[in-house]
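Colleague: Submitted below is the structure of interest, expressed as structure tokens.
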Amino acid sequence: MEQRIEQNLVARLGLHRIDDIEPEDIFIIGFPKSGHTWFQNLIAGVVYGIDTRNIPQSFVGDIIKDIHAYFYYKRYLTPTYFKAHSLPQPHFRRVVYLIRDGRDVMVSYYHFRHARGDKVTWEAHIKTPTPSGYWHEHIQRWLANPYQADILTIKYEDLKTMPIQQLQRFCQFAGIERDIEQLQWAIDNAAFDKMQQREEHFGMPNNFPRDKRFIRRGKVGSYKDEMPPEVLGTFMKYAGGMLRQL
């Protein structure tokens, strides 16, 4: 009975199961804290023409859905865009893979875990795999591309220093045309200070604590003044080879 009611409700609302995807759909994938929220906001501006300064992140998340957080989604356009931290799977056919310096990733992830109440130590944080595995292994798996997906790789650092060029690459990959003024408009609206102001006003979804900051620094090289030297040494034992490769 409950299943039939749910199916009727989903049909009336025009919802799709989160695993009901089309071949044209595009997945924004990377290890956690690699810039997904930022890129979601850039997509909202570039693809949908949305001024992200005056809307909550939950609205952005409604049009670029996190596959780990929802069972259903609304399809507004095809391709539809999804956010994920997953390892390669056969149904990820078109992928924008975000890569960020693992040292900065681990700093950002450490603060995220503490904000959510997980008082993990630095050493345990580095040595224990996340639900997405280890940073270097995640990248290794995606660079190997075992299912021959169509992949566009974007480095966080390049997106910070050359945002226009990186979004032009994205537009070419997605098959859309936008002029430089449109791209710059989306970039300006999704600047970190703008996202921080919006977070202060609206908060963040998924019950993120209002007294903590989700949009933190976003700085390239933040590990230099935030990661203890001995912890950096441990991380380099795990991931130094991948850092040098990249």
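Colleague: Tell me the trypsin sites (Lys or Arg not before Pro) within the stretch 78-169 that lie in a loop according to DSSP and have at most 15 other beta-carbon atoms within 10 Å.
Modeller: Listed in order of number, the matching sites are R116, K119.
Colleague: Kirkwood hydrodynamic radius (Cα pairs, Å) of the chain?
Modeller: Final number for the Kirkwood radius of the chain is 19.1 Å.
Colleague: Compute the semi-axes of the equivalent ellipsoid of the stretch 109-172, taking the square root of 5 times each eigenvalue of the Cα gyration tensor, and list them largest first in whole Å.
Modeller: 29, 18, 9
Colleague: Then there is this: Based only on Cα atoms, what mean projected area does the convex hull of the stretch 56-154 have, in nm²?
Modeller: Reported value for the Cα convex hull: 7.6 nm².
Colleague: Rounded to whole Å and sorted largest first, list the principal axis extents of the Cα atoms in the stretch 175-235.
Modeller: Over the stretch 175-235, Cα extents along the principal axes are 47, 28, 21 Å.
Colleague: With every protein chain present, what is the per residue accessible area of the chain (1.4 Å probe, Å²)?
Modeller: Accessible surface, normalised per residue, equals 51 Å².
Colleague: Still on this model: With each run of n ≥ 4 DSSP H residues scored as -39500 (n - 2.57), what mean residue ellipticity at 222 nm is computed for the chain after dividing by its residue count and rounding to the nearest 500 deg cm²/dmol?
Modeller: Helix contribution divided over all residues of the chain: -14500 deg cm²/dmol.
Colleague: Of L15, L152, L167, which is the most mobile in a GNM of the chain whose springs link Cα atoms less than 10 angstrom apart?
Modeller: L15
Colleague: If you don't mind, there's one more thing I want to ask. Angle between the Cα long axis of helix 180-189 and the longest principal axis of the chain, 0 to 90 degrees, nearest 10?
Modeller: 70
Colleague: Quickly rank 214-226, 58-70 as a protection proxy: mean count of other C-beta atoms within 10 Å, highest first.
Modeller: 58-70, 214-226
Colleague: At what distance in nm do the modelled label points of T234 and Q165 sit from each other, each positioned 7 Å from its Cα along Cα→Cβ?
Modeller: A separation of 3.7 nm, rounded to one decimal place.
Colleague: Can you compute the modelled spin-label distance between E22 and L87, with each label point 7 Å from Cα toward Cβ, in nm?
Modeller: 3.1
Colleague: If I compute solvent accessible area with a 1.4 Å probe over the protein chains, what percent of it on the stretch 116-246 is carbon and sulfur?
Modeller: Percent of accessible area from carbon and sulfur atoms in the stretch 116-246: 49.
Colleague: Taking a cut-off of 21 Å between Cα atoms, list the lysines near K127, but don't count ones fewer than 8 places away on the same chain.
Modeller: Partners within reach: K33, K119, K224, K237.
Colleague: Where nothing but the Cβ of Lys and Arg (+1) and of Asp and Glu (-1) is charged, how large is the charge dipole of the chain around its Cα centre, in debye to the nearest 20?
Modeller: Dipole about the Cα centre, nearest 20: 480 debye.
Colleague: For the stretch 1-116, what log10 I(q)/I(0) values come out of the Debye formula at q = 0.12, 0.14 1/Å, with one point per alpha carbon and no solvent?
Modeller: Taking Cα atoms of the stretch 1-116 as identical point scatterers yields -0.50, -0.66.
Colleague: Please compute, for the alpha-carbon atoms of the stretch 23-63, the extent along each of the three principal axes and give them in descending order in Å.
Modeller: Here the Cα extents, ordered largest to smallest, are 27, 26, 15 Å.
The values are calculated or read from the model by the stated rules, or taken from the named source; none is laboratory data. Everything numeric here is computed off the predicted structure, so don't read it as measured data. Every residue, glycine among them, receives a Cβ derived from its backbone with ideal geometry; neighbour counts consider all protein chains shown. These accessible areas exclude ligands, DNA and RNA; they are computed on the full protein's heavy atoms, side chains included. Shrake-Rupley method; radii C 1.70, N 1.55, O 1.52, S 1.80 Å.
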